[in-house]
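Trainee: My questions will all concern the structure given below.
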Amino acid sequence: MRSYKVIVTTALSALASAVVVVPAVLGTPAQAAPPTPGPIVKLWNWNWNSVARECTDVLGPAGYGAVQVSPPSDSMSKGGSVWWDIYQPARYTLNSKFGDENAFRNMVRACHDAGVKVHADAVVNHMTGQGSRSYGGYDFGKYSYPGLYSSWDFHAPTCSINDGDYVNDGWRVQNCELVGLSDLNTGSEYVRNQIAGYLNKLTDLGVDGFRIDAAKHIAPGDLAAIKSKLRGSPYIHQEVIEGPNETVKPGHYTGIGDVHEFVYGRKMKEQFTGQIKWLQSFGQSWGLSVPSDKAVVFVDNHDTERNGSTLNYKYGDAYKLANVFMLAWPYGTPRVYSGFTWNNGEGGPPSANGGFVTDADCGNGQWTCFHRQMGGMVGFNRAVAGTPVGNWYDNGNNVIAFSRGGKGWVAINNEGGSVTRTFSTGLPAGTYADDLGGGSVTVGSDGTASVTVPAKGAVAIHTGGVRPTDPPAGDATVYYATTWTGANIHYQPTGGSWTPVPGVAMDETACAGWKKKTVDLGTATGLKAAFNNGSGTWDNNGGADYTIGTGLTTVKDGVVRANATEPCTPDPPDTTAPSIPTGLTATAEGTTVKLSWNEAGDDIAVFVNDK
């Protein structure tokens, strides 16, 4: 039975003997999010409650188009010791180490309410290779999954994929076992129906798309047959890793959906550890495996950040600048990656109670939360969509700049010293907010701007970022949300030196839960900062210092909001009338009101004087 909420106002006293029908707005099934452009963010190994909160607080406001979540199906359990157990499904129920079906449903609804689509990682090539008990308490064997699959549902006779098969034998790549995992016979109609049923269950819960894990190891014809059984039109993007001279190619899968462009990340590592001046011609001619309109591009993912083929968060500024370039350059659908920090490449995410993932905390150093650093560039990416590159500049080494039509302009400095020069931006005259938090940029009537690009930094502006008025130059007012009794801000003005540890006391308590400090920056355009309680406890954003510009900035739960509104303004009074639960009666000036509902029509009926 659904629950409904009816707001009864003082107008009840004026009701006559009539029936008023009120549309129900709560308790409805999850619906697909409206079509929304914008980059994908991969919140890898985040639990469902954390994804829901992030959609509401960060992803939606930043403009991310979709969030890719980890596999939601029940999987074999390694008790939290590794990350890869989630890629060994034990059954297709939604009892994973990230939460149960109800938490998953609530997450999808929260993301949709924030305007963010949800893509689920779908593991359908195989089942398990080891283990006997799942996170959901289900017992299984490598080729025996009671109520789902038996031995005859797997490719037989069994064989293992050898390294040489990738070049010499595509059939074995798609029909033998990948690293010992039980390989499903996806040519079987029964198996196809079970997979399609699982995916349809997810779309019924509101899932908008799927990342198909290990798609390279499934014959394209089998995937096409499974796709034909899906309801609706979910967005499909497939993991097909490009390898030199291999027989199975990413291009074989573009008729089914988009394909992950692994060459892209490799090229980003080459350039951002070399010379980025060459990026002027970056595109498919560089050996990328699929065209732009079929490519999902990324600087790294959970595999490549561990195997060394790409940059990862440990590369610091170079990693950030490569992501800035990805969100500024017109190739493919960009996907920003955000996972957990690690030293052991096989170690699992923060967990408790036998491996169930704990809530993501962007202030404890265990989660990278890198997507938050790219929030401003998401707005840039959306603003410049469909526009060409122009006004290219490079210094012959590691400083580049370019415009996107008349919509945006970016400069990237991968060198060790700051660069100040006059750039041609291609933008209309005006003052623009820096999407990377470095203050503002004023463009003259001729489209040029004098800009200082910090060392190992970038500046990006777009037409949606025009501000009619700017805060006073050289003044940064920082509001920091904390439960600490006292708070210090340890900061470095752009081009200047850090304050001595532990920094400067934030000696103003703005209101409950907030500390405030105004910093005179002089001629600097912003600052880097970390916060501490004065007694050795730090919030340094997981090792990535906060970047703060001039004007009023708020910092809360790892999120920096530039040009923010005063956070301590009192909330307006609540004028909402109290609700009356279904099944109760109420009186107003002698009038008796009873509530009932039409379940089939999802309507509420209000009966006055029992009529």
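The values are calculated or read from the model by the stated rules, or taken from the named source; none is laboratory data. Only a predicted model underlies this, so the values are computations on that prediction, with no experimental measurement involved. Note that each Cβ is placed from the backbone with ideal geometry, even for glycine, and that neighbours are counted across all protein chains shown. The accessibility values were calculated without ligands, DNA or RNA, using every heavy atom of the protein model including side chains. Shrake-Rupley method; radii C 1.70, N 1.55, O 1.52, S 1.80 Å.
Trainee: What single numbered condition from (1) touching a Gly at 6+ places or on another chain (Cβ under 6 Å); (2) over 25 Å from residue 167 (Cα atoms); (3) polar (S, T, N, Q) fails to hold for residue 233?
Mentor: Here residue 233 clears every test but (1).
Trainee: Of all the residues that make up segment 319-361, how many are farther than 22 Å from residue 119 by Cα and surrounded by 16 or more Cβ atoms within 10 Å (Cβ to Cβ)?
Mentor: So the answer is 14.
Trainee: Looking at 259, 299, 248, can you tell me which residue is under 26 Å from residue 38 (Cβ atoms) and either part of a loop (DSSP other than H, G, I, E, B) or open to solvent by 10 Å² or more (accessible area, probe 1.4 Å) (or both)?
Mentor: 299 is the lone residue from the list that is under 26 Å from residue 38 (Cβ atoms) and either part of a loop (DSSP other than H, G, I, E, B) or open to solvent by 10 Å² or more (accessible area, probe 1.4 Å) (or both).
Trainee: Moving to a separate point now. Go through segment 139-180 and report how many residues are open to solvent by 30 Å² or more (accessible area, probe 1.4 Å) and among the aromatic types (Phe, Trp, Tyr).
Mentor: Of the residues in segment 139-180, 4 are open to solvent by 30 Å² or more (accessible area, probe 1.4 Å) and among the aromatic types (Phe, Trp, Tyr).
Trainee: So, one more: Determine whether residue 421 is open to solvent by 10 Å² or more (accessible area, probe 1.4 Å), in contact with a helix residue (DSSP H, G or I) (Cβ under 9 Å, 6 or more places away or on another chain) and among the basic types (Lys, Arg).
Mentor: In short, no.
Trainee: Give the residue, chosen from 85, 121, that is touching a Lys or Arg at 6+ places or on another chain (Cβ under 7 Å), open to solvent by less than 10 Å² (accessible area, probe 1.4 Å), outside any helix (DSSP H, G or I) and among the acidic types (Asp, Glu).
Mentor: Result: 121 is the single residue among 85, 121 that is touching a Lys or Arg at 6+ places or on another chain (Cβ under 7 Å), open to solvent by less than 10 Å² (accessible area, probe 1.4 Å), outside any helix (DSSP H, G or I) and among the acidic types (Asp, Glu).
Trainee: For the subset of segment 124-136 comprising residues that are among the polar types (S, T, N, Q) and out of contact with any His (no Cβ under 9 Å at 6 or more places or on another chain), which member is surrounded by the fewest Cβ atoms within 10 Å (Cβ to Cβ)?
Mentor: Top of the filtered list is 130.
Trainee: Right, here's the next one. Might you check whether a residue that is under 28 Å from the mean Cα position of the chain (by Cα), of a type outside the set (Lys, Arg) and open to solvent by 50 Å² or more (accessible area, probe 1.4 Å) occurs anywhere in segment 520-539?
Mentor: Yes, segment 520-539 contains at least one residue that is under 28 Å from the mean Cα position of the chain (by Cα), of a type outside the set (Lys, Arg) and open to solvent by 50 Å² or more (accessible area, probe 1.4 Å).
Trainee: So in segment 182-198, with the set limited to residues that are among the hydroxyl-bearing types (Ser, Thr, Tyr) and either part of a helix (DSSP H, G or I) or open to solvent by 10 Å² or more (accessible area, probe 1.4 Å) (or both), which one is nearest to residue 155 (Cα to Cα)?
Mentor: Step by step, filter segment 182-198, then rank; the result is 188.
Trainee: Oh, and also: Can you pull out the residues in segment 211-231 that are open to solvent by 20 Å² or more (accessible area, probe 1.4 Å) and within 22 Å of residue 70 (Cβ to Cβ)?
Mentor: Scanning segment 211-231 gives 227, 230.
Trainee: If you don't mind, there's one more thing I want to ask. Say whether the condition of being open to solvent by 40 Å² or more (accessible area, probe 1.4 Å) and farther than 30 Å from residue 450 by Cα is met by at least one residue in segment 486-499.
Mentor: no
Trainee: Quickly run through segment 95-118 and pick out the residues that are of a type in the set (A, V, I, L, M) and either surrounded by 21 or more Cβ atoms within 10 Å (Cβ to Cβ) or under 10 Å from residue 67 (Cβ atoms) (or both).
Mentor: Hits for segment 95-118 are 107, 108, 110, 114, 116, 118.
Trainee: Let me ask something else. Looking at 190, 143 in this structure, which one is modelled with pLDDT of 95 or more, hydroxyl-bearing (Ser, Thr, Tyr) and touching a Ser or Thr at 6+ places or on another chain (Cβ under 6 Å)?
Mentor: 143
Trainee: Condition test on residue 334, is it in a loop (DSSP other than H, G, I, E, B) and in contact (Cβ under 8 Å) with a residue 12 or more places away in the chain?
Mentor: Criteria not met by residue 334.
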